[in-house]
1. Just checking, how many residues over the stretch 1-19 are outside any loop (DSSP other than H, G, I, E, B) and exposed (fewer than 15 other Cβ atoms within 10 Å of the Cβ)?
2. Report, by residue number, each residue of the stretch 20-38 that is closer than 25 Å to PHE139 by Cα and surrounded by 19 or more Cβ atoms within 10 Å (Cβ to Cβ).
3. Among the residues of the stretch 21-42, which ones are farther than 19 Å from MET1 by Cα and of a type in the set (Phe, Trp, Tyr)?
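Bear in mind these aren't lab numbers, they're just calculated from the coordinates by the rules spelled out. Quick caveat: nothing in here was measured; it's all calculated off a predicted structure. Methodologically, a virtual Cβ is constructed for each residue, glycine included, from the backbone with ideal geometry; neighbour enumeration extends over all protein chains shown.
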Amino acid sequence: MHSLVYRSVADTAFILPEIYSMLSKAKEYNSEHQITGCLLYHNSSFLQLLEGEEQEVHQLFDKISKDARHHNVTIIQEEAREKRLFERWSMAFHDYGQNGMSAHLKMQQIDSFVTNSKVFTVKNGLVLPFFSNAKEILFSN
C-alpha cells in the first residue's frame, strides 16, 4: 500500500461544474484501480491524498500532474503504508468553495471528515502534513 499527498492550484478557467465532472470520472477510475483517498478544494487550491498500490498511485499522479487544468503541482508527502486511511472512499470530496463559511464551521467539517476516516487509528506520517496544508488552504484569503 502506498500513499501520496499533493497540492495544486486550479486554472482560473477550471470552474466548479467541471470539477464535479472530473470528480465523477475520477471516482470511476479510482474504483477500477483500487485507489482511495480524499480531495479538498477551496479558493482555487486542491489538496489530495491518494492511496493504493504504488504503481497505480504513481500512474494516476503522473496523469494528474500533466493535467493543464491546474498548476504548481507539488508532492507534500509520500510513504508506504500497511493500511488505507480512506478504505471505503473512492474519493472523498469536500468543496469549501467561496461560500464565506466561518472558521468554526470549516473546523467542524474537518473534524467530521477525520472522524469518518481512519487517519488517527493507523500510525502514519501523512496526518500532520495533510492537515497542516488543509488548514493553510482553508484559512488563507
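1. If we filter the stretch 1-19 for residues that are outside any loop (DSSP other than H, G, I, E, B), which is where we start, we get 2-10, 16-19.
So of that shortlist, the ones also exposed (fewer than 15 other Cβ atoms within 10 Å of the Cβ) come out as 16-18.
Summing the residues that are outside any loop (DSSP other than H, G, I, E, B) and exposed (fewer than 15 other Cβ atoms within 10 Å of the Cβ) in the stretch 1-19 gives 3.
2. Hits for the stretch 20-38 are GLY37, CYS38.
3. Within the stretch 21-42, just TYR41 meets the criteria.
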